[in-house]
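Chemist: Can you keep this structure in mind? I'll have questions shortly.
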Amino acid sequence: MLDENEDFLETALTNEDISAEEENSGLYEHLNITVDKGQEPLRIDKFLFIYRQNSSRNKISQTCRAGNVTVNGKPVKQNYRVKPGDEISVLLAHPPRENVIIPQDIPINIVYEDDDVVVVDKDAGMVVHPGFGNWDGTLVNALAYHFSKDPKYNSDLDRVGLVHRIDKDTSGLLVIAKNEYALSHLAKQFFDRKTKRLYWAFVWGNVQDDEGTVTGHIGRHPKNRMQMYTYVDGSHGKHAVTHYKVLERFRYMTWVECKLETGRTHQIRAHMKHIGHTLFNDERYEGNIIMRGVNLPKYKQFVQNVFEILPRHALHAHTLGFIHPVTKKEMYFESPMPKDMQEAAERWRKYLDNN
């Protein structure tokens, strides 16, 4: 972590007469990225923040100021704009720790546990797995601590038994395996699309049909490489299918339930944007601007207030169903709507009642 290297950072910031090559000698590469050819110009601090969702913008800025972010072999400042083909490296004073999991006593909501599996209801804002800029404070760190108290647990199990992931700002249910057999069995269920997953989402606009299906390959956006994009013609990406059902309408926003046939990166976010209904307050997909409604100061202030109540994309992993790897019984779990989404919905209901 950067704050574990304060001495190094201070040295890098104050010895400006040291050449870049000398300054970066003895450092370890933690991240290497070749910028896609379709990438539009974007500040490198924002690029890295979006590319690595589990990093804080402040830590990325510190790393840039220390001369530890290089582009094509040369250190750059945080306002450098990345271009297609750029080779970006992030260098730090300590070796990478991708395979070192630090157990941490972090509260997590375990809704079910036995000798083979754990089901967790994750809070929004918690990163699932450690990575560049965020080596601790994650769900995996919390699970490592929790499992360390169990003498039967295999501490060498890959990724602390992660079978699937959800985004940092997505709340809801995940299943974690506690042994190799359970991990293999559950992974195959996800691969064979035999799990049952329903998501709740708030999306911009009044969705026209009560039910519908979005079918289209999911791949990188041709211009904004930080987004995923829906290729209906199947020319790029991977096959993806999302079924949706309207649960409640808020005139300018809609509460929908999404059922996944496939599990592609950002599938719901990309598919809903494709049909013109970007997730509410989804910054990466421009859902953090006012996309529907009236052009009145009162309405604009109302939406800004709801953004503050719900400061993340409005997506929640509501249900999770799978076959237990050992007992072969069907397991099914539901997670209630989190407080921030509840409060946002209540604000919309009150607004509509009064306007």
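Chemist: Carbon and sulfur atoms: what percent of the 1.4 Å accessible area of the chain do they account for?
Modeler: Roughly 47 percent, rounded to a whole number.
Chemist: A follow-up question, please. Which length gain, in nm to one decimal place, applies between residue 236 and residue 301 when the Cα-Cα distance is subtracted from 0.36 nm times their residue separation?
Modeler: 19.4 nm
Chemist: Less than 12 Å Cβ to Cβ from residue 248, Lys/Arg counted +1 and Asp/Glu -1: what total charge do the surrounding residues give?
Modeler: Surrounding charge for residue 248 is +1.
Chemist: Moving on to the next point. List the pairs from 238/339; 196/238; 37/196; 196/245; 122/259; 152/339 whose alpha-carbon separation is above 25 Å, in the order I gave them.
Modeler: In this structure, 238/339; 37/196; 152/339 lie more than 25 Å apart at Cα.
Chemist: Evaluate E = 1/(1 + (r/R0)^6) for residue 181 and residue 337, where r is the Cβ-Cβ distance and R0 equals 35 Å; express this FRET efficiency to the nearest 0.05.
Modeler: Working: r = 34 Å, r/R0 = 0.98.
So the FRET efficiency works out to roughly 0.55.
Chemist: Place a +1 charge on the Cβ of each Lys and Arg in the chain and a -1 charge on the Cβ of each Asp and Glu, then give the dipole magnitude about the Cα centre in debye, rounded to the nearest 20.
Modeler: It comes to approximately 1540 debye.
Chemist: Can you give the % of DSSP beta bridges in the chain that are antiparallel, to the nearest 5?
Modeler: 95
Chemist: Any idea of the accessible area per residue across the chain, 1.4 Å probe, to the nearest Å²?
Modeler: 49
Chemist: Rounded to the nearest 0.05, what FRET efficiency do residue 245 and residue 111 give with R0 = 35 Å and r taken as the Cβ-Cβ distance? Could you check? Intermediate values should be presented prior to the final figure.
Modeler: Details: r = 24 Å, r/R0 = 0.69.
Once rounded, the FRET efficiency stands at 0.90.
Chemist: Pull up all non-local amide H partners of residue 253: gap of 5 or more, or a different chain, and H-to-H distance under 5 Å with H placed in the peptide plane.
Modeler: Amide H neighbours of residue 253: 205.
Chemist: Here's something else I'd like to know. Taking a quarter of the surface of the convex hull around the Cα atoms of segment 196-354, what do you get in nm²?
Modeler: 10.7
Chemist: In debye to the nearest 20, how big a dipole does segment 28-92 give about its Cα centre with +1 on each Lys and Arg Cβ and -1 on each Asp and Glu Cβ?
Modeler: My answer is approximately 280 debye.
Chemist: Kindly state, as a whole number, the per residue volume in cubic angstrom of the convex hull around the alpha carbon atoms of segment 109-192.
Modeler: On the way: hull volume 8.1 nm³, N = 84.
Considering the Cα atoms of segment 109-192, their hull volume per residue is 97 Å³.
Chemist: So for segment 196-355, taking the charge dipole from beta-carbon charges (+1 Lys/Arg, -1 Asp/Glu), which of 256, 226, 271 sits furthest toward the positive end?
Modeler: 226
Chemist: Just to verify a number: FRET efficiency for residue 46 and residue 149, C-beta to C-beta distance, R0 = 45 Å, to 0.05?
Modeler: Values: r = 40 Å, r/R0 = 0.90.
Efficiency computed from Cβ-Cβ geometry: 0.65.
Chemist: Follow-up question, since we're still on this one. Rounded to a whole number, what is D in µm²/s for segment 249-307 from Stokes-Einstein with the Kirkwood radius over alpha-carbon pairs (10 °C, 1.306 mPa s)?
Modeler: Details: Rh = 12.7 Å.
Stokes-Einstein gives a translational diffusion coefficient of 126 µm²/s.
Chemist: Out of every Cα pair in the chain, what percent are spaced more than 28 Å from each other?
Modeler: 51
Chemist: With labels modelled as points extended 7 Å from the Cα through the Cβ direction, what inter-label distance (nm, one decimal) is found for residue 208 paired with residue 308?
Modeler: 3.7
The values are calculated or read from the model by the stated rules, or taken from the named source; none is laboratory data. In this text, all values refer to a predicted model and were calculated from it rather than measured experimentally. We place every Cβ from the backbone using ideal geometry, glycine too, and count neighbours over all the protein chains shown. For the accessible areas, the whole protein counts, side chains as well, though only heavy atoms, and no ligand, DNA or RNA atoms are used. Shrake-Rupley method; radii C 1.70, N 1.55, O 1.52, S 1.80 Å.
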